[in-house]
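Here the structure is laid out as structure tokens; the discussion comes afterwards.
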Amino acid sequence: ALLRSIKHVGVRPLARCYSAPAAAPAIKLFINGQFVESQTTDFVDVHNPATNEVVSRVPKSTQGEMEAALESAKSAFKSWSKTSVLTRQQVMFKYQEIIKSNIKLLAECITKEQGKTLADAEGDVLRGLQVVEHCCSITSLQLGETMSGISRDMDTMSYRLPLGVCAGIAPFNFPAMIPLWMFPVAMVCGNTYVFKPSERVPSTSMMLLEMIKEAGCPDGVVNCIHGQHDAVNFICDQPDIKAISFVGSDQAGRYIYERGSRNGKRVQSNMGAKNHGVIMPDANKESTLTQLVGAAFGAAGQRCMALSTAVFVGDAKEWIPELVEKAKALKINAGHEPGSDLGPVISPQAKERINKLVQSGIDQGAKCVLDGRDVVVPGYEHGNFVGPTVLTEVKTNMDCYKEEIFGPVLVAMEADTLDEAIDTINANPYGNGTAIFTTNGATARKFTQDIDVGQVGVNVPIPVPLPMFSFTGSRGSFVGDANFYGKAGINFYTQLKTVTSMWRETDITQTGSATAMPVMR
Ligand code: NAD
């Protein structure tokens, strides 16, 4: 059924996820395994960033609908948490297969609502798929620990058990990958879920939910509500929700962390970034500049791991003009147009913010050696396009350095030594990602040892770890204890229960009650 319905997706995603046809169809909710129309009268328009046409409308779920989603997840937990690990694994096997067969359809949906190029959108799906594939090894990942003979005739076993109903709140920039960091990991551990996609890119999530249903996920195990602040507050406040995964901006992330943890929940909150690439003069020039351009301007700079700040050490600064030439050669166009290297940014407001930060850099003394602010894309004159932009002579007190720009803007700085570059990066409040480009092993080792950033690349510009590891942004880019996916993700979505048993063939009758603390020697 799924494969039949998604044949018709094209640039118009799943019919079942939409209500009755209209110029801008309303996205449905997903409650207890059914796609249902919201009863709200309050909607948020979803735009195609390349044209600014309204492509769909997201309902702000009513209180009753959010409660129904939670009730469904609570009820499903009773049976899903008792479902065998092999059954849960089978759902993941099927899920990865369905996603894999539909990468192009998912990518088209991403491009339509988010704007990134089709090739980049396929990467977005693939990185999420890798998490689902990793979830297929839940039979090993969820193993507990045992110790036989911890005392005479006594053994201890610890189990990793699900928490209950968990929730996820996602951002706009990775419409497939980030939802797939959330509900598959939670449900494969035996939890049930209330998911809230970004209101700016809801359709990819709806397709992913239709696919999980098709993969055999029972009704109520994953539910989806839509909305903004009210939906977020509902998730933070409901006592029956035990854990929250959040990815997005600093402001929302800190708010959700504080409100959720004040209510006794586990919260993992991945937030903003300012990622520095350090270019040593001994680096391989051609490959370094090529990688730098891809990592700074790819996805129009709207990646939390975008390499948005380049620190040229010593003579490496002589390479800036060549970097600018490479950036100029990038093709800016709507994401679905062949040959496009970067698409539009998400909204007119985002474009305005980016342009203002570039202007503030110029006003504060930086040089704009490549200015993409006035770019016009023929045929897409109403799109939110910003061309590759490079600011040089940037200093740490400038707003364009202090703030996350989240657009196709590379800020370039200079340092005399590697130590100076490391000090600059360690003084920056963010700790999501960083990279060094060098041919010297000792330099690379010093950098990886001394840098206080959670994800480090050596000649690798965007070091997002595969799911056998975890996404380990640090300092201002993360609050919480356990990171997303990998072993840390399994730990986040499980709690330990430890059972100590004594079995004796012949019971030795104990005389008198021992009131001292048992020490089990
Ligand atoms: P956002 O914070 O605006 O939105 C994320 C989610 O939070 C959405 O579902 C939204 O409805 C909700 N939300 C927004 N404002 C809120 C508020 N004031 N209170 C409560 N909830 C709110 O983020 P975005 O613009 O969609 O995403 C871009 C940001 O996400 C960037 O800062 C980027 O660096 C960050 N990001 C971080 C990572 C990471 O892993 N560190 C990954 C992707 C994106």
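The values are calculated or read from the model by the stated rules, or taken from the named source; none is laboratory data. No experiment lies behind these values; they were computed from the predicted model shown. Here Cβ is always computed from backbone atoms with ideal geometry, including for glycine, and neighbour counts include all displayed protein chains. Ligands, DNA and RNA are excluded from the accessible area calculation, which covers all protein heavy atoms including side chains. Shrake-Rupley method; radii C 1.70, N 1.55, O 1.52, S 1.80 Å.
Things worth noting here:
- Neighbours of residue 416 by Cβ distance under 12 Å: Lys/Arg scored +1, Asp/Glu scored -1, total -4.
- Ratio Rg/Rh, restricted to the chain and using Cα atoms, in which Rh is the Kirkwood radius: 1.03
- Selection of chymotrypsin sites (Phe, Trp or Tyr not before Pro), the stretch 46-106, meeting DSSP coil and at most 12 other Cβ within 10 Å: none
- One Cα centroid belongs to the stretch 396-420, the other to the stretch 50-114; the line between them spans 38 Å.
- The angle between the Cα long axis of helix 85-101 and the main principal axis of the chain comes to about 20°, on a 0 to 90 degree scale.
- When only Cα pairs below 8 angstrom with a gap of at least 6 residues are kept, the chain shows a relative contact order of 17 percent.
- Projected label distance in nm at residue 449 and residue 233, using a 7 Å step from Cα toward the beta-carbon: 5.2
- Calculated on the Cα set of the stretch 381-511, radius of gyration then Dmax: 23.5, 90 Å.
- Cut-off 12 Å between beta-carbons: net charge of the residues surrounding residue 350, Lys and Arg +1, Asp and Glu -1: +2
- Length-normalised contact order of the stretch 323-362 in % [C-alpha pairs under 8 Å, at least 6 apart]: 23
- Compactness of the stretch 68-147 was expressed as the Cα radius of gyration divided by 2.2 N^0.38 Å, which yields 1.42.
- If you wrap the tightest convex hull around every Cα atom of the stretch 254-385 and split its volume per residue, you get 168 Å³.
- Sorting 100, 331, 285 on solvent-accessible area from highest to lowest, probe radius 1.4 Å, gives 331, 100, 285.
- Against the compact-protein benchmark of 2.2 N^0.38 Å, the Cα-based radius of gyration of the stretch 182-341 scales to 1.39.
- Relative to the longest principal axis of the Cα atoms of the chain, the long axis of helix 103-114 makes an angle of roughly 60 degrees.
- Qualifying GluC sites (Glu not before Pro) in the stretch 293-356, DSSP loop, other Cβ atoms within 10 Å at most 10: none
- Whole-number percent relative contact order across the stretch 206-303, with pairs defined as alpha carbons under 8 Å at least 6 apart: 18
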